[in-house]
1. Rounding to the nearest 20 debye, state how big the charge dipole of the chain is about its Cα centre with +1 on each Lys and Arg Cβ and -1 on each Asp and Glu Cβ.
2. If a helix is a whole DSSP H run, which ones in the chain reach 24 Å or further along their own axis (Cα) and hold a mean Kyte-Doolittle hydropathy of at least 1.6?
3. Treating only the Cβ atoms of Lys and Arg (+1) and Asp and Glu (-1) as charged, compute the dipole magnitude of the range 1-134 about its Cα centre; round to the nearest 20 debye.
4. P(r) of the chain in 5 Å steps, Cα pairs, percent per bin?
5. With a sphere of radius 14 Å drawn around the Cβ of residue 87, what net charge do the other residues whose Cβ falls strictly inside it have (Lys, Arg +1; Asp, Glu -1)?
6. Give the order of 174, 104 when sorted by the count of other beta carbons within 10 angstrom, beginning with the fewest.
7. Work from the charge dipole of the range 3-233 (Cβ charges, +1 for Lys and Arg, -1 for Asp and Glu, about the Cα centre) and give the residue of 8, 119, 161 farthest towards its positive end.
8. Dipole size in debye (nearest 20) for the range 94-235 around its Cα centre, Lys and Arg Cβ +1, Asp and Glu Cβ -1?
Amino acid sequence: MSRSLTMLFAIICYAIFFATFLYLIVFVGDLSFAGRTVDVGPEAPPMTAAIIDVALIALFGVQHSVMARPGFKAKWTQIVPPPAERSVYVLAASVALMILFYGWRPIDTIIWNVRNPVLSGALWVVFWIGWATVLVSTFLINHFELFGLQQAWFNMRGREAERPELRQPFFYRWVAHPLYAGFFMAFWGAPEMTAGHLLLAAGVSVYMLIAIRYEERDLTTLFGDDYRRYRASVGGLIPRIRRSAS
């Protein structure tokens, strides 16, 4: 694949990702103008729906985790050009989400329904702050590298990427995983929680807790004691409260 085609491929993959990300917000928020959401879609008996939905969450989790592992990348880049590897990953993640959107079967049993306007509004604020935290976090850790555009651009310019550096910008001064924290807020910040939404939030939460362990292991391998010291000094998903010395 030529450098120009690799760049074009990366741009297309990024555009698909961004559209999918926007639809994910709509899907999770059950926003009324969408065709299919976590609570709107084809009907199925609750047990059948739960089995299908768990399988869809597992498909996304396996794709997202396996393709992110260094061992998989080392073998995968023998087939896919290294500058396009991240773009292929982003495309695969987007397709996995599209399959989840299309295949999802709502379970409309109400778990909770917050009718108090103040509390309901507060939960919507949590929802939107969560997505904002996710987006801001991607830019803090290099948005364009995370989604494959930087690799393709450097390849087209004949430029080598710099050695990874352990940095702690903004959110990362207090929590090690603000991106995951944002997703937790976004998936759980629901004034009305159906059984289907609860299943999605719980399934994604379990996946994220597992992914965090693998990610920390990879970062420890990459940065060694520097990452161990950093991780010991901050919270995982929420800031660590320090007691002042008496």
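1. Details: 21 positive and 16 negative charges, 165 e Å.
I would put it at about 800 debye.
2. Values: long enough: 3-29 (39 Å, 2.06); 46-66 (29 Å, 1.52); 82-103 (32 Å, 1.12); 117-140 (34 Å, 1.74); 195-223 (41 Å, 0.82).
What comes out of the filter, once short or polar helices are dropped, is 3-29, 117-140.
3. Values: 8 positive and 6 negative charges, 112 e Å.
With Lys and Arg at +1 and Asp and Glu at -1, about 540 debye.
4. 1, 6, 11, 16, 18, 16, 13, 10, 6, 3, 1, 0, 0
5. Working: positive: 3, 73, 86; negative: 85, 145.
Once positives and negatives cancel, what remains is +1.
6. Values: 174 14, 104 24.
If I rank by nearby Cβ atoms, fewest first, I get 174, 104.
7. Farthest towards the positive pole: 161.
8. In debye, rounded to 20, the range 94-235 gives about 120.
Here, each number is a calculation from the coordinates, and none is a lab measurement. Just so we're clear, the structure is a prediction, and the values are computed from it rather than from any experiment. Glycine gets a Cβ as well: all are built from the backbone with ideal geometry, and neighbour counts include every protein chain shown.
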